[in-house]
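For reference, the structure is listed below as structure tokens.
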Amino acid sequence: MASSLSFAQIICLCLLLTLAHSKTLKRDVKALNEIKASLGWRVVYAWVGDDPCGDGDLPPWSGVTCSNQGDYRVVTELEVYAVSIVGPFPIAVTNLLDLTRLDLHNNKLTGPIPPQIGRLKRLRILNLRWNKLQDAIPPEIGELKKLTNLHLSFNNLKGEIPKELSNLPELRYLYLHENRLAGRIPPELGNLPNLRHLDVGNNHLVGTIRELIRFEGSFPALRNLYLNNNFLSGGVPAQLANLTNLEIVYLSNNKMSGTIPAGIAQIPRLTYLYLDHNLFSGRIPDALYKHPFLKEMYIEGNQFKPGVNPKGIHKVLEVSDSEFLF
């Protein structure tokens, strides 16, 4: 038994030594050195040596995570955020084909998101929020089949939301707020089986909720729906009650009208309902005042009949991007 255990320990030691001396894939070394040379990022003071995964006594570069793949090391995560990176989105990043996480948020990246982003087939988290990115969202993001988190908020993106985003079966969190997006929200997004959080607030979007949920079984997992501060019209359709997992419905500051259907009170875990600053009329269904989970219902700035009151004490509803990052 002792000799067997000793042999096993020797095997493990040999494997560890082999992994420790694995070479980093030349493709990844080249890509990150191109980024280092071209942008002059402030982070490069910690990027010492030529190998981003570390070489000999040198540690891996700050924000770079590597994993072993066969006889080589590959870059699997790149997290370089809040370091005032200035310049266009680095296309060389799209050569890091084993990336599962790309986080460049809170920098000063400009220009478009390149269509080559669709090459990162293993990407699960793409976080580019709080930059100055421009132009349209590339439909090639719809090729990232393993993506669970997409954060593009607080940029200058324009054009329409690409319907190709509905091709992301694992997507759970979609943040597109605080941009210049226009047109209608693609109803195809309702086919996403795992989408929990959809935030398209503070854009220039038009259309109606009825159009958005026109497909049967739309948004089966959706909990939080943020449509505020756009140019949406029409009413609150009774079919919204079919989204039985909803907890937050944020419709403030649109051009919506009509009465509030009583069926909305049948959404079992509805907690926040924001209707303020629209053109709604009539009365609020009594059932909403008796809803066991509803904490906040804000109705200011509408045309409701006298005697219609809000529920709860209104506070500005702000949900941190990072709250849903994992």
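Taken together, the values in this text are just the output of simple stated rules run on the coordinates, not laboratory data. Quick caveat: nothing in here was measured; it's all calculated off a predicted structure. Backbone-built Cβ (ideal geometry, glycine too); neighbour counts: all protein chains shown.
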Rounded to one decimal in nm, the spacing of the 7 Å Cα→Cβ label points at K158 and E170 is 3.4
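If you place +1 on the Cβ of every Lys and Arg, -1 on the Cβ of every Asp and Glu, and leave all else neutral, what size is the dipole of segment 76-320 about its Cα centre, to the nearest 20 Debye?
240
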Rounded to whole Hz, the Karplus (6.51, -1.76, 1.60) HN-Hα couplings of segment 63-74, x for glycine and proline:
x, 10, 10, 10, 9, 7, 9, x, 8, 10, 9, 10
For a footprinting-style exposure proxy, rank Y173, Y81, Y45, Y289 by other Cβ within 10 Å, fewest first.
Y45, Y289, Y81, Y173
With +1 assigned to the C-beta of every Lys and Arg and -1 to the C-beta of every Asp and Glu, and no other charges, what is the dipole magnitude of segment 185-326 about the Cα centre in debye, to the nearest 20?
420
Given backbone amide H placed at 1.01 Å from N, residues whose amide H is under 5 Å from that of R73, ignoring those fewer than 5 places away on the same chain, are K23, T24, L25
Where does helix 26-39 land angle-wise versus the long Cα axis of the chain, in degrees 0 to 90, nearest 10?
70
Sparsely packed GluC sites (Glu not before Pro) within segment 201-285, loop by DSSP, other Cβ within 10 Å at most 14
E216
Please report H105, H277 as a ranked list, fewest other C-beta atoms within 10 angstrom at the top and most at the bottom.
H277, H105
If amide hydrogens are placed 1.01 Å from N in the peptide plane, which non-local residues have theirs closer than 5 Å to the one on L133?
N156
Charge-dipole axis of segment 76-320 as Lys and Arg at +1 and Asp and Glu at -1 on Cβ define it, positive-most pick from A287, G87, V206
A287
Helix axis angle, 2-20 relative to the chain longest principal axis, alpha carbon, degrees
80
The chain - mean residue ellipticity at 222 nm from DSSP helices (-39,500 (n - 2.57) per run, n ≥ 4, rounded to 500):
-3500 deg cm²/dmol
Check the straight Cα-Cα distances from K121 and name the aspartates and glutamates below 14 Å, setting aside those fewer than 8 residues away within the same chain.
E77, D98, E140, E143, E170
Could you calculate the contour length gain from E34 to Q239, that is, 0.36 nm times the residue separation minus the distance between their Cα atoms, to one decimal place in nm?
68.6 nm
Positive end of the dipole of the chain, charges at C-beta (+1 Lys, Arg; -1 Asp, Glu), about the Cα centre: which of W61, I125, L25 has its Cα farthest in that direction?
I125
Long-range amide H partners of G207 with built H, under 5 Å:
S233
What's the center-to-center distance, using Cα atoms, between segment 213-276 and segment 44-91 in Å?
43
With the dipole of the chain worked out from charges on the C-beta (+1 for Lys and Arg, -1 for Asp and Glu) around the Cα centre, which of I248, G235, L174 lies farthest toward the positive end?
G235
Just want the ordering: W47, W61, from fewest to most Cβ atoms lying within 10 Å of their own Cβ.
W47, W61
